[in-house]
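The values are calculated or read from the model by the stated rules, or taken from the named source; none is laboratory data. Because the structure is predicted, anything quoted here is derived from the model rather than measured. So basically every Cβ, Gly included, is an ideal-geometry build from the backbone, and we count neighbours across all protein chains shown. The protein model used for the area step is the full one, side chains on, heavy atoms only, and it has no ligands, DNA or RNA in it. Shrake-Rupley method; radii C 1.70, N 1.55, O 1.52, S 1.80 Å.
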Amino acid sequence: MLGYGTPQSLPPRTTWTLPTPSPTLEREGSEKKMHIREETTERHTLAVIVDNEPGILARIAGLFTARGYNIESLTVSEITADKQVSRITIVTSASPATLEQIVAQLDRLVPVHRVHDLTAEGDHVERELALVKVRGTGDHRIEALRLADVYRARVVDATTSSFVFEVTGSIEKINKFVELMGEVGLIEVARTGIVAISRGSEPA
């Protein structure tokens, strides 16, 4: 028995060592957390047949805007003699799942008669019209006319210092024509947007 004031020996200190995470495991775990599934987007052309009534275009555009869908091109025109029905052509890019949602939501709108995904349904014809204003003096004037002839663009207005060309065709053709005119003195461009129709005897 130890007397008062006699120092007592303390039990040995126990040290706990936590396992060090493997750098490889940490990296793999981080990569798994950072991995985000990327969905491929595809460009599609939709034909929407609707009643020609006030506000329908705003409703359709609002549907795209509210859900974050992007409209790359939009055209609309009456297609019946009594002017009661219109055809809206929309070009948009989205994943297949998102595209299904777009078509389903458009189809649920009351004034919509039917919605056709022309890209998914098969062969169809797409065309766009553009008016392209170009400076035309000296050698640039000659070059602008030469390029217009190659691309079958038609002169619809001309002055001593400028031209307005009308060119019709695919998006790729018009994009290339505008790009080339940029090298000879492009002033401005006005484009109608895409119009499209399915091939064959069936309506769309």
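Here are the numbers for this structure:
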quantity	calculated
Selection status of S73, open to solvent by less than 60 Å² (accessible area, probe 1.4 Å) and either free of Cβ contacts under 8 Å to residues at least 60 places away in the same chain or at positive phi (or both)	no
Residues of the range 170-191 satisfying the condition of being of a type outside the set (S, T, N, Q) and assigned to a helix (DSSP H, G or I)	I171, E172, K173, I174, K176, F177, V178, E179, L180, M181
Count of the range 37-80 residues which are basic (K, R), part of a loop (DSSP other than H, G, I, E, B) and under 12 Å from the mean Cα position of the chain (by Cα)	0
Search result, residues across the range 90-147 that are farther than 23 Å from V178 by Cα, hydroxyl-bearing (S, T, Y) and either open to solvent by less than 40 Å² (accessible area, probe 1.4 Å) or without any contact (Cβ under 8 Å) to a residue 60 or more places away in the chain (or both)	S95, T98
Test: E183 is under 27 Å from I71 (Cα atoms) and within 28 Å of the chain's Cα centre (by Cα)	no
Filtered residues of the range 39-62 (kept if open to solvent by less than 10 Å² (accessible area, probe 1.4 Å) and over 12 Å from S77 (Cα atoms))	T45, L46, I60
T65 being farther than 21 Å from A120 by Cα, at pLDDT below 90 and surrounded by 10 or more Cβ atoms within 10 Å (Cβ to Cβ)	yes
T92 vs. criteria touching a His at 6+ places or on another chain (Cβ under 7 Å), of a type in the set (S, T, N, Q) and outside any helix (DSSP H, G or I)	yes
Residue in the range 81-94 that is farthest from T41 (Cα to Cα), counting only those that are among the polar types (S, T, N, Q) and more than 14 Å from the chain's Cα centre (by Cα)	Q84
Pairs where the first residue, in the range 153-171, is closer than 11 Å to V132 by Cβ and touching a residue at least 12 places away in the same chain (Cβ under 8 Å) and the second is open to solvent by 40 Å² or more (accessible area, probe 1.4 Å) and of a type in the set (F, W, Y), C-beta under 7 Å, 6+ apart	V167/Y151
Qualifying residues in the range 156-174 (those that are loosely packed, with under 14 Cβ neighbours inside 10 Å and among the aliphatic types (A, V, I, L, M)) - the one modelled with the lowest pLDDT	A158
